[in-house]
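K.L.:
Just passing along the structure, written as structure tokens.
The values are calculated or read from the model by the stated rules, or taken from the named source; none is laboratory data. This one's a predicted model, so the numbers in the text were calculated from it and none came from an experiment. Quick reminder, even Gly has a Cβ in these numbers, built from the backbone with ideal geometry, and neighbours come from all protein chains shown. Side chains included, ligands, DNA and RNA excluded: accessible areas come from the protein's heavy atoms. Shrake-Rupley method; radii C 1.70, N 1.55, O 1.52, S 1.80 Å.
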Amino acid sequence: MTIRFIAASRLPTPWATFTMHGFEDEATGKDHIALTLGDVADGEPVLGRVHSECLTGDALFSMRCDCGYQLQEALKRIADEGRGVLLYLRQEGRGIGLLNKIRAYHLQDQGADTVEANEQLGFGADLRRYDLCVPMLEHLGITSLRLMTNNPRKVDALTQAGVTIAERVPLTTGLNPHNEQYLSTKAGKLGHMMALGDFTQAGDVDIERKP
Ligand SMILES: Nc1nc2c(ncn2[C@@H]2O[C@H](COP(=O)(O)OP(=O)(O)OP(=O)(O)O)[C@@H](O)[C@H]2O)c(=O)[nH]1
Ligand SMILES: [Zn+2]
């Protein structure tokens with residue numbers, strides 16, 4: 001694992017001014033970032049989100065998935081608590097990359113579900129790795145997380161990589177007519193610990209920009 005810290009800066013957002021830490025993965029050439037708020041190196045479990053890149057949901061307001069809603073809600077919860085960390089990992093499309101994700105979306109437009117679409121393209125359902133989190137967290141002095149996720153395989157993978165998960169915190173937000181089927185597939189085929197009844201609706205999350 002060749003994760004190298006490059007630089008840190010302030011990052012003002014609508015919810016709080018975070019510190020942004022940039023890392024380079026020398027093996028893959030990918031850049032990853034961590035946003036932190038407050039004292040995360042005091043040894044106490046840290047409210048955290050390990051978020052996988054979703055350009056369409058995170059930046060382009062896509063309603064096909066729940067990523068953008070989860071990103072916003074995670075940052076808001078960290079800000080409310082005044083302390084926490086968000087790792088933003090550049091493993092787009094559950095690791096298949098943006099263009100293959102568009103190919104997968106094309107297949108889903110024709111009736112495949114999110115898992116079938118990956119398989120029809122010759123990929124496994126989920127190619128992500130989480131071992132790169134270890135050096136990032138070590139650099140930040142974080143030893144234990146209260147992890148915001150519905151994905152039990154993410155909890156297992158992080159635990160196996162050596163990260164202590166003190167608690168799993170559900171993150172069910174952003175349900176809307178465009179992602180209902182996708183969320184059902186995640187619960188049914190990918191084992192996510194959630195029911196549609198747990199979700200807040202997409203319109204419930206709005207950016208409040210505070211000066
Ligand atoms: N291949 C593929 N990737 C997708 C699709 N929809 C979202 N993604 C990607 O899935 C990743 C997010 O994973 P999710 O399965 O939504 O959630 P998770 O991170 O495993 O679990 P949570 O922590 O509960 O959010 C991002 O990298 C998205 O780009 C899809 O239909 N196909
Ligand atoms: Zn997404």
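K.L.:
Taking 0.36 nm per residue of sequence separation and subtracting the Cα-Cα distance, how much length would be gained by fully extending the chain between Asp156 and Ala27, in nm to one decimal?
P.N.:
Roughly 44.1 nm would be gained on extension.
K.L.:
Taking every Cα atom in the range 90-172, find the radius of gyration and the maximum pairwise distance Dmax, and write them in Å.
P.N.:
For the range 90-172, the Cα-based Rg and Dmax read 15.3, 46 Å.
K.L.:
If you don't mind, there's one more thing I want to ask. Any idea what angle helix 98-109 forms with the longest principal axis of the chain, computed on alpha-carbon atoms, 0 to 90 degrees, nearest 10?
P.N.:
40
K.L.:
Would you work out if the range 1-78 is rounded, prolate or oblate? Take a ≥ b ≥ c from the square roots of the eigenvalues of the alpha-carbon gyration tensor; rounded if a/c is under 1.5, else prolate when a/b is larger than b/c, oblate otherwise.
P.N.:
Working: a/c = 1.79, a/b = 1.13, b/c = 1.59.
Oblate is the answer for the range 1-78, as a/c is 1.5 or above yet b/c matches or exceeds a/b.
K.L.:
Let me ask something else. In nanometres, what is the gap between the two model label sites at Thr2 and His139, each 7 Å from Cα along Cα-to-Cβ?
P.N.:
1.5
K.L.:
Moving on. For the chain, what's the relative contact order in percent, using C-alpha pairs closer than 8 Å and at least 6 residues apart?
P.N.:
Values: 386 pairs, mean separation 46.2, N = 211.
It rounds to 22 percent for the chain.
K.L.:
While we're on this one: Each label point is 7 Å from the Cα along the Cα-to-Cβ direction; what then is the distance between the points at Arg10 and Ala187, in nm?
P.N.:
Distance between label points: 4.3 nm.
K.L.:
So how much slack lies between Glu180 and Ala41, counting 0.36 nm per residue of separation and subtracting their Cα-Cα distance, in nm?
P.N.:
On the way: separation 139, 0.36 × 139 = 50.04 nm, distance 3.83 nm.
46.2 nm is the gain from fully extending Glu180 to Ala41.
K.L.:
Run the numbers on the range 36-147 and let me know its relative contact order in percent, using alpha-carbon pairs under 8 Å that are six or more apart.
P.N.:
38
K.L.:
Follow-up. How much of the accessible area of the range 18-125, probe 1.4 Å, is carbon plus sulfur, in whole percent?
P.N.:
53
K.L.:
Mind running the shape call on the range 1-45? Use the C-alpha gyration tensor, a ≥ b ≥ c as the square roots of the eigenvalues: rounded below 1.5 for a/c, prolate if a/b tops b/c, oblate otherwise.
P.N.:
Here the range 1-45 falls in the oblate category.
K.L.:
In degrees from 0 to 90, rounded to the nearest 10, what is the angle of the helix 67-81 Cα long axis to the longest principal axis of the chain?
P.N.:
For helix 67-81, the angle is close to 30 degrees.
K.L.:
Next up: Compute the Cα gyration tensor for the chain, then decide on rounded, prolate or oblate, letting a ≥ b ≥ c be the square roots of its eigenvalues: rounded whenever a/c is under 1.5, prolate when a/b is larger than b/c in the other cases, and oblate in all that remain.
P.N.:
Prolate, because a/c is 1.5 or more and a/b exceeds b/c.
K.L.:
R0 = 25 Å: FRET efficiency of Glu116 with Leu196, Cβ-based, nearest 0.05?
P.N.:
0.80
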